[in-house]
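To start, the structure itself, in structure tokens.
The values are calculated or read from the model by the stated rules, or taken from the named source; none is laboratory data. Remember, it's a predicted structure, so these values are computed and weren't measured experimentally. Here the Cβ positions follow ideal geometry from the backbone for every residue, glycine too, while neighbour counts run over all protein chains shown. Side chains are part of the model used for accessible areas, which takes the heavy atoms of the whole protein and leaves out ligands, DNA and RNA. Shrake-Rupley method; radii C 1.70, N 1.55, O 1.52, S 1.80 Å.
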Amino acid sequence: MTPNPDQTSLPEDVAALLKRTPDGLVPAIAQDATTGRVLMMAWMNDEALALTLATHRGTYWSRSRGRMWVKGEESGHRQWVRKVELDCDGDTLLLQVEQEGAACHLGTTSCFDTRTLELGESR
């Protein structure tokens, strides 16, 4: 996907709401728009959020690759964004998505399908 230069700038009113990490990122949680299941967590910079808002495709910043990536660009497991919400502190995004195929790079529906931690005795 080749970004359109008009899509890479985040509107100033939206940018002013965000509280970013020192490296300019905001955590983004992708949630299935139908079931409510949390699918994955990734990072967005201003350009990734601007592209997501403009194209409705889940676009993220990969810290390990040091570059932008569009969900499904390589795997074909595309992510169509239906709604983007910002939490009350302005430091986390919630994306309501329609996911085609697995959301996790390990091939599972959710990145949270592999491990459940045991809880201790409750009070």
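Explain nothing, just compute: Karplus ³J(HN,Hα) = 6.51 cos²θ - 1.76 cosθ + 1.60, θ = phi - 60°, for every residue of region 13-25 in order, whole Hz, x for Gly and Pro.
Here the 3J(HN,Hα) series is 5, 6, 4, 5, 7, 7, 10, 9, 5, x, 8, x, 10 Hz.
Return a whole-number percent for the relative contact order of the chain, with Cα pairs under 8 Å and 6 or more residues apart as the contact set.
24
Decide, for region 75-123, between rounded, prolate and oblate: order the square roots of the alpha carbon gyration tensor eigenvalues as a ≥ b ≥ c, take rounded if a/c falls under 1.5, and otherwise choose prolate if a/b is larger than b/c, else oblate.
oblate
Which cysteines does the chain leave without a neighbouring Cys Cβ under 4.7 Å?
CYS88
Under the 0.36 nm per residue contour assumption, what length would be gained going from the current alpha-carbon distance of THR55 and HIS77 to full extension? Please report the intermediate quantities before stating the final value.
Values: separation 22, 0.36 × 22 = 7.92 nm, distance 1.60 nm.
Answer, rounded to one decimal: 6.3 nm.
Test of understanding: given the chain, find the longest segment containing no GluC sites (Glu not before Pro) that are in a DSSP loop and have at most 15 other Cβ atoms within 10 Å.
The segment 1-72 is the longest one with no such site.
May I ask you to compute the full-extension gain from TRP69 to THR21, defined as 0.36 nm times their residue separation minus their alpha-carbon distance, rounded to one decimal in nm?
Full extension of this stretch gives 15.4 nm more.
With θ taken as phi - 60° and the coefficients 6.51, -1.76 and 1.60, list the Karplus ³J(HN,Hα) couplings across region 100-108 in order, rounded to whole Hz; mark glycine and proline as x.
9, x, 6, 8, 8, 5, 8, x, 8
What does the charge dipole of region 12-99 about its Cα centre add up to, to the nearest 20 debye, if the Cβ of each Lys and Arg holds +1 and the Cβ of each Asp and Glu holds -1?
Details: 11 positive and 13 negative charges, 73 e Å.
Dipole magnitude for region 12-99 comes out near 360 debye.
Tell me the trypsin sites (Lys or Arg not before Pro) within region 33-94 that lie in a loop according to DSSP and have at most 16 other beta-carbon atoms within 10 Å.
When the trypsin sites (Lys or Arg not before Pro) of region 33-94 are filtered for loop state and at most 16 Cβ neighbours within 10 Å, ARG37, ARG63, ARG65, ARG78 remain.
Which option, (i) 15.1; (ii) 17.2; (iii) 14.0, is the value of Kirkwood radius over Cα pairs in Å that was calculated from these coordinates?
Given (i) 15.1; (ii) 17.2; (iii) 14.0, the calculated one carries the label (i).
Got a number for carbon plus sulfur as a percent of the chain's accessible area, 1.4 Å probe?
Numbers: 3910 of 7800 Å².
Here carbon and sulfur together make up 50 percent of the probe-accessible area.
How big is the antiparallel share of DSSP beta bridges in the chain, given as a percent to the nearest 5?
So the antiparallel bridges amount to about 80 percent of the total.
If you put +1 on each Lys and Arg Cβ and -1 on each Asp and Glu Cβ, how big is the dipole of region 73-123 around its Cα centre, in Debye rounded to 20?
With only Lys, Arg, Asp and Glu charged at Cβ, the dipole is about 140 debye.
If you line up the long axis of helix 46-55 against the longest principal axis of the chain, both from Cα atoms, how many degrees apart are they, to the nearest 10?
Compared with the principal axis, the helix lies near 90 degrees.
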